[in-house]
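The values are calculated or read from the model by the stated rules, or taken from the named source; none is laboratory data. As the structure is a computational prediction, the values presented were derived from the model and not from experiment. In this analysis, Cβ positions are derived from the backbone assuming ideal geometry, glycine residues included, and neighbour counts consider all displayed protein chains.
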Amino acid sequence: MQLTVRNVAELLNISEKSVYRWIAEGNLPAYRVSGQYRFNRAEILEWAQAQRINVNPKTFQDLEENAAPLPDLVDAIQAGGIFYRLDGSDKESTLRSLVEHLRLPEEVDRGFLLQVLLAREALGTTAVGEGIAIPHVRNPMVLQVSKPMVTVGFLDKPVEFGALDGRLVYVLLSVVSPTVRAHLHLLAQIAHTLRVPEVKQVLQRQGGREEILEQVRRVTAGLKPHMPQSLLP
């Protein structure tokens, strides 16, 4: 989805003046189209998470009428799985181990997916700070999966990912989705959930699967009262 300056200002709860200032400073990912700035929603959500900027709860809403229900983050994690002691001594070998664990159909070319993830990392790290990375392609890749999945992978040893805060990465959260719409929704839910101290604490100590799911369930359930009933997932 291509956003305007006004859309970005609303998404990040800031003024349009701030948007222009960040563009001028070279901080905000933007494209010049016919003399006007346009933004990729996935890139903005990713950038906001890396900068620790809260996004407007309205980002969970979808403007499409009669669209399919949006995925729930807990359901997506249950579908993708939580894995411990992933191998890897550097970014490439760690991502290879993650791809091997993804619950993908047999026909998916895992080697190609790994190369796409590595190409994305070459453009800029997906580490969002505090030991967490969200490896995914810069523009959502739609794979032939039956339902959205978020795979949580704990690394056997922390790995250098080039995080802005300088911390080594110890946990990966990977999004695989059948639609761009679901991908963006899950990315937004992850960004919101990772801002909650209790969630970060359970990830830091590599808590059990049910404990992790319960913390995520508590946070995402807390979003729903603030959203119009017709727009809930």
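Things worth noting here:
- Scanning region 158-180 for residues that are more than 18 Å from Trp47 (Cα to Cα) and surrounded by fewer than 24 Cβ atoms within 10 Å (Cβ to Cβ) yields a total of 8.
- Exclusive hit being of a type in the set (A, V, I, L, M), within 16 Å of Thr94 (Cα to Cα) and assigned by TED's automatic domain parsing to the domain that holds Leu113, set Leu168, Leu164: Leu168
- Residue within region 95-107 that is assigned by TED's automatic domain parsing to the domain that holds Arg217, under 22 Å from Leu186 (Cα atoms), among the acidic types (Asp, Glu) and in contact (Cβ under 8 Å) with a residue 12 or more places away in the chain present: no
- Only one entry of Val33, Val5, Val19 meets the criterion of being buried (at least 16 other Cβ atoms within 10 Å of the Cβ) and over 28 Å from Ala133 (Cβ atoms), and that entry is Val5.
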